[in-house]
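Structure record follows, encoded as structure tokens.
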Amino acid sequence: MAEERIEVACCIAGGGPAGMMLGLLLARAGVEVLVLEKHGDFLRDFRGDTIHPSTLEVMHELGLLDAFLKLPHDEVTTLSGQVGAEILQIADFRHLPTRCKFVALMPQWDFLNFLAGAAKAYRGFHLRLRAEACALIEVGGRIAGLRAETPEGMLEIRAGLVVAADGRHSVLRAQAGLEVMDLGAPMDVLWLRLSRRTSDPQQTLGRFVGGRILVMLNRGSYWQCAFVIPKGGIEAIRAAGLPAFREAIAGLAPYLDDRIGELASWDDVKLLTVAVDRLRRWHRPGLLCIGDAAHAMWPIGGVGINLAIQDAVATANLLGPSLLQGTPGDHALAAVQRRRIFPTAMTQRLQVLVQNRVIRRVLAGAASARLPLPLRLMRRFPVLTRLPARLVGIGFRPEHIGYHPP
Ligand SMILES: Cc1cc2nc3c(=O)[nH]c(=O)nc-3n(C[C@H](O)[C@H](O)[C@H](O)COP(=O)(O)OP(=O)(O)OC[C@H]3O[C@@H](n4cnc5c(N)ncnc54)[C@H](O)[C@@H]3O)c2cc1C
């Protein structure tokens, strides 16, 4: 098969939130950039659907917010949790110092299509779908490009910088031999969808009842549900049979009982194997990892997309100018890791804390009937619900667009 050769300033492997946002920002700054996406489109179900206030702030800074919010979406202003029979508010986004005081729920493919559309306005932006990065090209100890498989044959790309934004199973980070620190995740998540009736409650809600956890995202016409199970617990659940699984879900949210038959087979239930990890070093000369490729996040709290976007903004701010002049040196790549390690590590630390103190105990059936202290405090002083809103909605080190074209 023919081998095509291309030369660009920056080649990004992976057209997820991190890769598409970085592609848009670099092209906007005048950098010649090529994004490779192994799939033929962005249409994949059960991906993260949450667009947080800090990401919406970035969209505003790019002048894209109004057009973006014209896309169909739902707005979540508060998050609640049901512990036993009691429903409590645990995050209130309405007081955030951001333009949008809500989390927008939107299918990820709409978000990615929107970013692709905005990026195509810039001459330097190139997107190749059905192009799967498969091998790094190393010259004299430096990553000088990569090879990708396409339906037309092999593609060889030479680039001043390769960015691995190919997600939490990144082949490029594995090939580069970058060390992964596994932070442990004692759970997996089953994703499913059930229709929503107008008589159902409105809230996006986490239910912690009788050793079980169900998170329900209100998506207008349907509920997107995450059922949290102990790590590797899927076999036991399957062995117990679909009727028992349906019963468990309906037991957590009884109003779902009349439509639980929509779960017609195990094909309607998707397993997400949860991983929480991060790279010790995010870069090698000529190569930088961002987004899930640098740090897989825990799904609940929905901060993975947010962090991926923030990584992209920081990368464009720090490397855009040097990419216009040539090849960023290793110290420039290290600067990206230095900038993003604090929010990443702090977020993961909090996630592991919640996981060990709350999730693990609930799944083990060991949680006491008494509400945990932070929840009791929030019930007493509702103003405290602004803190989780800030941590989830904005995070630890929000990034802002640093370059504005003349
Ligand atoms: C089931 C599920 C539910 C989730 N829910 C949420 C949520 O509600 N909120 C939230 O914030 N986060 C959620 N997450 C996590 C969130 O989706 C990720 O953190 C986020 O998408 C990371 O963005 P990314 O661009 O780094 O990686 P990804 O989104 O994983 O994107 C990587 C892209 O690279 C492509 N790719 C992979 N390998 C190659 C290759 N070799 N060559 C070319 N392309 C390649 C993939 O097809 C993909 O498009 C969820 C994840 C899953 C799996």
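Considering (1) closer than 30 Å to Glu156 by Cα; (2) among the aliphatic types (A, V, I, L, M); (3) at pLDDT 90 or above; (4) within 16 Å of the ligand (Cβ to nearest atom), say which one Leu43 fails and leave the rest.
So the condition that Leu43 fails would be (3).
Given segment 188-304, what strands (runs of 3 or more DSSP E) lie entirely inside it while holding 2 or more residues that are touching a helix residue (DSSP H, G or I) at 6+ places or on another chain (Cβ under 7 Å)?
205-209, 212-218, 222-230, 277-279, 287-289
Kindly list the number of the only condition in (1) free of Cβ contacts under 8 Å to residues at least 24 places away in the same chain; (2) more than 17 Å from Gly206 (Cα to Cα) that fails for Ala85.
(2)
Restricting segment 263-299 to residues that are closer than 30 Å to Arg246 by Cβ and acidic (Asp, Glu), which is surrounded by the fewest Cβ atoms within 10 Å (Cβ to Cβ)?
Going through the qualifying residues, I end up with Asp267.
Arg338: without any contact (Cβ under 8 Å) to a residue 12 or more places away in the chain, closer than 29 Å to Leu205 by Cα and away from the ligand (no atom under 12 Å from the Cβ), yes or no?
Spelling it out, it is not the case that Arg338 is without any contact (Cβ under 8 Å) to a residue 12 or more places away in the chain, closer than 29 Å to Leu205 by Cα and away from the ligand (no atom under 12 Å from the Cβ).
Quick check on my filter: what residues within segment 171-193 are near the ligand (Cβ under 10 Å from one of its atoms) and at pLDDT below 95?
Within segment 171-193, Val189, Leu190, Trp191 meet the criteria.
Being touching a Leu at 6+ places or on another chain (Cβ under 6 Å) and over 17 Å from Ala389 (Cα atoms) is the filter; apply it to segment 46-72 and report the residue that is farthest from the ligand (Cβ to nearest atom).
Looking at residues that are touching a Leu at 6+ places or on another chain (Cβ under 6 Å) and over 17 Å from Ala389 (Cα atoms), I get Met59.
So which residues in segment 266-287 are over 21 Å from the mean Cα position of the chain (by Cα) and among the polar types (S, T, N, Q), if there are any at all?
none
The values are calculated or read from the model by the stated rules, or taken from the named source; none is laboratory data. Owing to the predicted nature of the structure, the values given are computational and were not obtained by experimental measurement. Please note: Cβ atoms are built from the backbone with ideal geometry, for glycine as well, and neighbour counts cover all protein chains shown.
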